[in-house]
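Input: a single structure, listed below in structure tokens.
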Amino acid sequence: MSTAVIAPVNPFAAESKDTVMSVMRRDRDKFTRLVSDPKNWNVDTRCTGWETRDLVGHMIDVMEGYFKNWEAAKKGETPTPLGMAAMGGTLNDHALDFRKLSREEALDRFKKDAQKLDGMLDALKPDEWTGFMVSHPFAGPVPAGAYATFQIMDYGIHPYDIEYGLGNKLATIDEASAGLILPFTFIFWQNTVDQDAAKGVDITYGIEVAGPWGGKWRCTVKDGKFAYEPEKGNFEGCDALFSFASPQEEVLTHFGRYPGGSASGDPAVIEKVRHLFFPF
């Protein structure tokens with residue numbers, strides 16, 4: 001849980017920049033403390049096959065990928081995205097490749113990259129936060145301000161992975177971190193529909209997340225496409241309902257840390273939804 005109450009904001013809105021940047025920096029500080037402890041460097045984390053050092057390598061990889069595409073965007077170029085299906089394997093290979101660096105070299109490079117990206121995000125004007133489009137290496141063009149929340153996905157979730165590896169199996173993430181990540185989980189679903197699993201599927205289901213950062217949504221899957229909208233009623237006509245006690249539970253479930261939440265409704269639809277999206 002948060003140690004201080006942070007009012008919910010829309011991470012996509014320019015007026016939310018101060019909150020997003022504050023949460024990002026707070027979460028980055030925690031991540032940095034954990035990875036800087038020599039005792040943690042070779043700890044196996046919740047990320048299968050990754051030690052703490054590989055999380056540092058992962059951060060170097062993603063940030064330097066952002067830098068490259070940021071410069072391309074300034075030139076009006078749009079690099080071709082690799083696609084979400086390639087994301088997991090590519091990121092894994094890149095992270096492990098940084099094991100060739102010494103601990104001191106990796107930490108120094110990570111910290112310099114983090115400060116560089118911090119400055120780039122901080123310098124964004126309101127219209128750039130929402131209107132300057134930078135191509136994500138896997139997902140394609142997104143507003144530059146979204147990269148601050150992409151950092152929260154890493155800095156918010158990966159400390160959980162380290163704490164889990166250190167023995168705290170009941171570790172969690174911060175409420176505001178999860179609340180800022182939550183809207184992006186729906187966008188990921190849009191881009192990770194398993195087309196084989198979705199063949200012939202035509203379903204409507206609800207998702208509800210408790211708490212001030214939560215909400216209710218009506219989701220549909222038809223013709224191989226996932227769509228969603230805020231739920232205006234009480235899920236009338238839905239085939240199933242997935243309920244989460246907090247944004248933390250929804251986010252950690254979405255990113256495969258554990259199978260949280262509860263479901264009610266048509267068992268066949270529940271089972272279908274749980275296997276509709278490919279991991280990334």
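The values are calculated or read from the model by the stated rules, or taken from the named source; none is laboratory data. Quick caveat: nothing in here was measured; it's all calculated off a predicted structure. A quick note on method: Cβ atoms are made from the backbone with ideal geometry, for glycine too, and the neighbour counts reach across all protein chains shown. In case anyone asks, the SASA skips ligands and DNA or RNA and just uses the protein heavy atoms, side chains included. Shrake-Rupley method; radii C 1.70, N 1.55, O 1.52, S 1.80 Å.
Overview of values
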read-out: For the range 227-246 versus the range 140-195, the gap between their alpha-carbon centres in whole angstrom; value: 22
read-out: Given charges at Cβ of Lys, Arg, Asp, Glu: the range 55-206 dipole, positive-most of Leu182, His158, Ser135; value: Ser135
read-out: Cleavage-rule hits, trypsin sites (Lys or Arg not before Pro), the range 178-280, DSSP coil, Cβ neighbours within 10 Å at most 10; value: Lys199, Lys232
read-out: Heavy-atom surface of the chain, accessible at 1.4 Å and reported per residue (Å²); value: 47
read-out: Length added when fully stretched, Glu236-Asp266, from 0.36 nm per residue minus Cα-Cα; value: 9.4 nm
read-out: Gaussian network model of the chain, Cα within-10 Å springs - most flexible of Ile270, Ile152, Ile173; value: Ile270
read-out: In the range 186-250, the GluC sites (Glu not before Pro) that fall in loop regions by DSSP, at most 12 other Cβ within 10 Å; value: Glu236
read-out: Amide N proximity, the range 172-209 versus Phe278 label position 7 Å along Cα-to-Cβ, cut-off under 18 Å; value: 187-201
read-out: Under 15 Å from Lys112, Cα to Cα: aspartates and glutamates that are on another chain or at least 8 residues apart; value: Asp29, Asp61, Glu64, Glu104
read-out: The range 12-84 versus the range 263-280: alpha-carbon centroid distance in Å; value: 30
read-out: The chain: DSSP helices with Cα axial extent of at least 18 Å and average Kyte-Doolittle hydropathy no lower than 0.0; value: 175-191
read-out: Heavy-atom accessible surface of the chain: percent carbon and sulfur, 1.4 Å; value: 52
read-out: Shape of the range 1-110, Cα gyration tensor, a/c cut at 1.5; value: oblate
read-out: Whole-number percent relative contact order across the range 40-154, with pairs defined as alpha carbons under 8 Å at least 6 apart; value: 31
read-out: Loop sites in the range 42-127: trypsin sites (Lys or Arg not before Pro), DSSP, at most 14 other Cβ within 10 Å; value: Lys75
read-out: Value of relative contact order over the chain, rounded to a whole percent, pairs C-alpha under 8 Å and six or more apart; value: 20
